[in-house]
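So the structure is just underneath, and the comments pick up after that.
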């Protein structure tokens, strides 16, 4: 920029008429130049969005390869990928057409400017109004301007790519989490009691009420079983304790304190959460079990695997605890993934244990073995156990039934099977299934 400015000043001082001709030519050039940059920025954004679509499609195809093969959809999936790829090629060509036009455009404008200067300056020399040395000097200054402008055009084209990428990154960096600490957080008083209370709780999402009129008291060290039809709000109720989302009305209290007034680090540090669909990382099995522990040791990993009835499976693996899991634990069976999730939750030795339908993918014998070893662990901490299986729920100190976001039944296993309603019907149905399985 300094060279351009200096050359422009010297050109004006050397020959104002020729300088005016150059500026009259270059001002439109600058306008067209920035117009091309705007087109480049728009096309670069479209290109990057399309690259993201192709990447997502590829990632889904690889992670869901078993489903694709199971339905014999390889050809259809390949055709969809080819269609996406053709769109990517087309947008890449449009982007490159814009970018690569900058250099020829600048070179053409310089050549045009040189022709006009030679024509105008030559006529001035013939008329005796200009010397050959002055014209040569002017042309030399014009050449000084050429390479900085060409370099500027190349740099600006790179900046457009960077600007589009930065805008997308900035959107992520500037986004605010829905759940965050605020000024209402009180000073940390130390360890909280692991009791849980739900007071007049309601949860509304997108205008629909998922939970309403929830009033519960779970004393520290007890187990609450939660059951109900699919989509009734069981998982949402459990996730409120970990403050994955906040209730629309009412409050969740842990140790007598509103969890919105407790720091997230303190609250979540006392919770071990095993989700229905566990997320496993592409690392070793040992890393996944000890993920929630700052400094896991082999004894802790072995104990957690033993409680989740995973140890026998691990010892059958060639690399045992160093077995590398594929993406989202694809190398493990559904039951093994759930048991790994249980191991990860209890390895933290949490004060509050949340188990969200974590035995749905295991057989009844494995379930019984897991529950036998889980009971001593559950007795020492407050546990929320979401399940559809009566054989699992019967171990809870209290059971609630949630239907359409409301608690419709509550009591112990023995009390609920004697009452008409969802729980007794579920118990009868599962007993019939067990009898049919035994008879076959």
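The values are calculated or read from the model by the stated rules, or taken from the named source; none is laboratory data. Values in this document were obtained by computation on a predicted structure and should not be read as measured data. When we count neighbours, we look across all protein chains shown, and the Cβ atoms used for this are built from the backbone with ideal geometry, even at glycine.
This table checks each residue for (1) under 27 Å from residue 65 (Cβ atoms); (2) touching a strand residue (DSSP E or B) at 6+ places or on another chain (Cβ under 7 Å); (3) surrounded by 15 or more Cβ atoms within 10 Å (Cβ to Cβ).
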position: 338; (1), (2), (3): yes, no, yes
position: 341; (1), (2), (3): yes, yes, yes
position: 360; (1), (2), (3): yes, no, yes
position: 375; (1), (2), (3): no, no, no
position: 382; (1), (2), (3): no, yes, yes
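Of the residues that sit in segment 53-71 and are closer than 15 Å to residue 84 by Cβ, free of Cβ contacts under 8 Å to residues at least 60 places away in the same chain and touching a helix residue (DSSP H, G or I) at 6+ places or on another chain (Cβ under 9 Å), which one is surrounded by the fewest Cβ atoms within 10 Å (Cβ to Cβ)? Per the criteria, the residue is 59. Of all residue pairs spaced 6 or more apart or on separate chains, those with beta-carbon atoms under 7 Å, a first member in segment 99-125 that is part of a helix (DSSP H, G or I) and a second member that is exposed (fewer than 11 other Cβ atoms within 10 Å of the Cβ) and modelled with pLDDT of 80 or more are 125/132. Taking helices (runs of 4 or more DSSP H) as the structural unit, those lying wholly within segment 193-309 and holding at least 3 residues that are under 22 Å from the mean Cα position of the chain (by Cα) and in the same structural domain as residue 324 (by TED's automatic domain parsing) correspond to 234-241, 264-269, 285-289. The residue that is surrounded by the most Cβ atoms within 10 Å (Cβ to Cβ), among those in segment 254-273 that are more than 22 Å from residue 288 (Cα to Cα) and touching a helix residue (DSSP H, G or I) at 6+ places or on another chain (Cβ under 7 Å), is 254.
Can residue 243 be described as buried (at least 17 other Cβ atoms within 10 Å of the Cβ) and over 24 Å from residue 392 (Cβ atoms)? When the stated conditions are applied, residue 243 passes them.
In segment 106-140, the qualifying residues are those that are surrounded by fewer than 15 Cβ atoms within 10 Å (Cβ to Cβ) and within 30 Å of residue 164 (Cα to Cα), and the one that is modelled with the highest pLDDT is 108.
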